[in-house]
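Values in this text are rule-based calculations from the coordinates and carry no lab data. Bear in mind the structure is a predicted one, so any value in this text is a computation, not a measurement. Please note: Cβ atoms are built from the backbone with ideal geometry, for glycine as well, and neighbour counts cover all protein chains shown.
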């Protein structure tokens, strides 16, 4: 880095030397120009022409030692003849003055040459001055940046005007209640100090991406009305050692000067990872930054009136010293919303959109389990885009349903032509849909379609998921087995209709899901002959500074038994799926013909057709009534 000024000086000198040579090239008379000179006269020929009366006008230029002669009868635009003068031209001057017919004039080109020379000098001096000013300005900026390199990059607002309040945050009521205490403490601290309570110094917002952690921080800033600092964890860390720690010190220095205030650190896992964690050692600069952050939050000197709010979706990688009481005393879980929360979020995002009155946001909330606040906002935005593309005046239920399918499965491709491939896909999807309808513990069918989607999806069978069971994680053995059987329904239908030789590889993703569910039943849930033992854990995170390789707490003999139990469970469910398809073969054929013709069958209509052939389970009948 020290060689750069020398290079700049050398470059400037070479450029200046080149420009100084420019006047010589421009002012000099090229040899080719001398060859292009006009015809000339000798000194004696000039006297002869004067005596014969052929000369009209003569201009003497003693600075150039040239006489320019204009002859009578010469064209107006013709160049004058040039005569080389002597050192003393008194005889010529006397002759010209005595001859009344010749116009005589003495001129000098010295002034014009001086003006041209000045102009040429300015042509290279001015760019040189501009170049020097440019380098001077850059060096000044570089020095100022060097002086501010260790300054905090936090955005500061004396009174945060985010435009967002707690009224704009929906679906996470528990988190809102905990954070409202922070706002109350900043506005009315005596309410807590009167009973000896101490507000937490730090609040850590934990949750999956898109659940509203940053939105909550904006709402706190908008409600509190106190100075607000916001920064990302990645802005602390630089490639130069000590810069991050310096920025932390500068941030807390500014915060102390404006206390009481709020500091929001987004994505704190970028700077707060476990010290010494990771393969190949830790980053010294990041660790120094973390140490400085720990000291500022709860070190020898207290930070009275400073409340730190941080957000992360990776709490498992944070350093334990950062999470202890006194630093981040409270962890607020911001999880994906339930059905009621999704409904409130949809109402918030529907305020600025033109939605048809027939649209039921309750139905939309029921159809979107697992969606976060960001997903729901994106859903309504996609529906609005589809509405504008179809030139409708308001968003209808059709656009919302298409937007859900687009986000969860993929965008629609051109339908397949009536061919063997189309009927094979129809049998596969009807196999899934029929088992989802006939199995007593399976989730009810929402719709089945053979319209292809992006990502190589030829069709799909969609269920209305049991949200309560999925959210709680309390899966019953009957529900798991029926889901495995339903997942194998596509392959079972192909086998029963086309035979073993014509079975395709379209069930590859189904087999992965089956293996995953069956293995969890055996190794985690204790739902096999191996007994009530947990043989595996669900934590598959790598590169967190913990174990290099996941270890299995069982022998090779037990591993063989696990594989056998998983296979037996999958085969048992597969045989059950084939039996149901075989016993309802005529129903399968009718459903396939209808699906090939219409390409999409809604769940309600599908169950109505199935009920004409067989008795639906009570759970499916209840789902029909609830959906209506």
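The Rg/Rh ratio of the range 339-408, with Rg taken over Cα atoms and Rh as the Kirkwood radius over Cα pairs, comes to 0.92. Beta bridges per DSSP, both residues in the range 155-333: antiparallel share near 15 percent. Please work out the Cα center distance from the range 345-365 to the range 420-496, rounded to the nearest Å. Cα centres, the range 345-365 to the range 420-496: 29 Å. Packing, taken as the mean count of other beta carbons within 10 Å per residue, orders the peptides 324-330, 522-528 from highest to lowest as 522-528, 324-330. From least to most packed, judged by other beta carbons within 10 angstrom and beginning with the fewest, 320, 504, 289, 368 follow the order 320, 504, 368, 289. Highest average first, the peptides 307-318, 165-176 ordered by how many other beta carbon atoms sit within 10 Å of their residues are 307-318, 165-176. Does the range 293-434 come out rounded, prolate or oblate, given a ≥ b ≥ c as the square roots of the eigenvalues of its C-alpha gyration tensor, rounded meaning a/c under 1.5 and, failing that, prolate meaning a/b above b/c? The shape class here is prolate.
Of 521, 123, the sequence from fewest to most neighbouring Cβ atoms within 10 angstrom is 123, 521. For the modelled label position 7 Å from the Cα of residue 579 along Cα-to-Cβ, which residues of the range 428-459 have backbone nitrogen atoms closer than 14 Å? Inside the label zone: 439-440.
Each of 198, 519, 477 was scored by other Cβ atoms within 10 Å of its Cβ. Listed from fewest to most, they are 198, 477, 519. Let a ≥ b ≥ c be the square roots of the eigenvalues of the Cα gyration tensor of the range 155-333; is it rounded (a/c under 1.5), or, if not, prolate (a/b larger than b/c) or oblate? Cα axes put the range 155-333 in the prolate bin.
In terms of the mean number of neighbouring beta-carbon atoms within 10 Å, the peptides 579-592, 383-396 order highest first as 579-592, 383-396. Rounded to 0.05, the FRET efficiency of the residue 40 and residue 137 pair, given R0 = 60 Å and the Cβ-Cβ distance, is 0.65.
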